[in-house]
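Below is one structure, written out as structure tokens; comments come after it.
The values are calculated or read from the model by the stated rules, or taken from the named source; none is laboratory data. On a predicted model such as this, the values are computed, not experimentally measured, just so you know. We place every Cβ from the backbone using ideal geometry, glycine too, and count neighbours over all the protein chains shown.
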Amino acid sequence: MSLSTLKNRRERGFLDGQFLIAMPGMEDRNFHRTVVYICAHSDAGAMGFVINRAQKLTFTDVLLHLEMIKDDDAIVLPQGARDFPIQTGGPVESGRGFVLHSDDYLSDSSIPVSDDISLTATLDIVRAISKGSGPKRATMLLGYAGWGAGQLEAEIGNNGWLNCPANEELIFDRSLDNKYDRALALMGINPAMLSPHAGHS
């Protein structure tokens, strides 16, 4: 599923607003020990963002790359902008930035994902964050995770993923190292109890 499909969706699928938590036997390196927030799910496929994988780039790096600032300007950025988190959102369009954020910031290009969370993928939100006037809660993600029709359902059926309702606190929490274990804890699961052998009973 693509971003344009997300914009044009008519109704929400049963995995919308859910966390996908990779089972220990997940062989795809892009998703080993990941937590994915699903933004859209339908018969056409699904899309979401990995929310627990760090990115080496900083927000200052992004602003310099986009030529929104020069090197000298970096020192005068608001503290919130200098510390603004950048994460690896997934393997699809990995050079493109997306901002997942609280709904207190909305532009014409913002897409509601849930009652409280929106997605904006245009430069206006980057400018707002750099000036300290962005959303109260947000994270920038480079790339996204996408599945074709029936693909995600097959992976879940093959014991590749667990799913549970998303938790907003966890989505925007900046402590990434133990986010996987904390997502499992939402389901009352101890990671040590999970079998590493996906797809076998």
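Please work out if residue 107 is surrounded by 15 or more Cβ atoms within 10 Å (Cβ to Cβ) and either of a type in the set (Ser, Thr, Tyr) or under 16 Å from residue 40 (Cβ atoms) (or both).
Numbers: surrounded by 15 or more Cβ atoms within 10 Å (Cβ to Cβ): no; either of a type in the set (Ser, Thr, Tyr) or under 16 Å from residue 40 (Cβ atoms) (or both): yes.
Judged against the criteria, residue 107 is not a match.
Scanning the range 126-148 for residues that are more than 11 Å from the chain's Cα centre (by Cα) and closer than 14 Å to residue 88 by Cα yields a total of 1. Taking first residues from the range 31-56 that are under 13 Å from residue 163 (Cβ atoms) and partners that are in a loop (DSSP other than H, G, I, E, B) and of a type in the set (D, E, K, R), the Cβ contacts under 6 Å between residues at least 6 apart in sequence or on separate chains come to 41/16.
Considering 156, 129, 125, the condition of being of a type in the set (Val, Ile, Thr) and surrounded by fewer than 17 Cβ atoms within 10 Å (Cβ to Cβ) is satisfied by 156 alone.
The requirement of being among the hydroxyl-bearing types (Ser, Thr, Tyr) and either within 16 Å of the chain's Cα centre (by Cα) or surrounded by 22 or more Cβ atoms within 10 Å (Cβ to Cβ) (or both) is satisfied by residue 102.
Considering the range 57-93, and only residues there that are in a strand (DSSP E or B) and buried (at least 19 other Cβ atoms within 10 Å of the Cβ), the residue that is farthest from the chain's Cα centre (by Cα) turns out to be 86. From the list 176, 152, 106, the one residue that fits, being farther than 26 Å from residue 57 by Cα and of a type outside the set (Gly, Ala, Ser), is 152.
Filtered by the rule that a residue be of a type in the set (Ser, Thr, Tyr) and surrounded by 15 or more Cβ atoms within 10 Å (Cβ to Cβ), the range 132-153 gives 139, 144.
Every test in (1) closer than 26 Å to residue 66 by Cα; (2) surrounded by fewer than 20 Cβ atoms within 10 Å (Cβ to Cβ); (3) at pLDDT 90 or above is passed by residue 175 save one, and that test is (1). Consider residue 96 carefully, then state whether it is at pLDDT below 95 and part of a helix (DSSP H, G or I). Against the criterion (at pLDDT below 95 and part of a helix (DSSP H, G or I)), residue 96 does not qualify.
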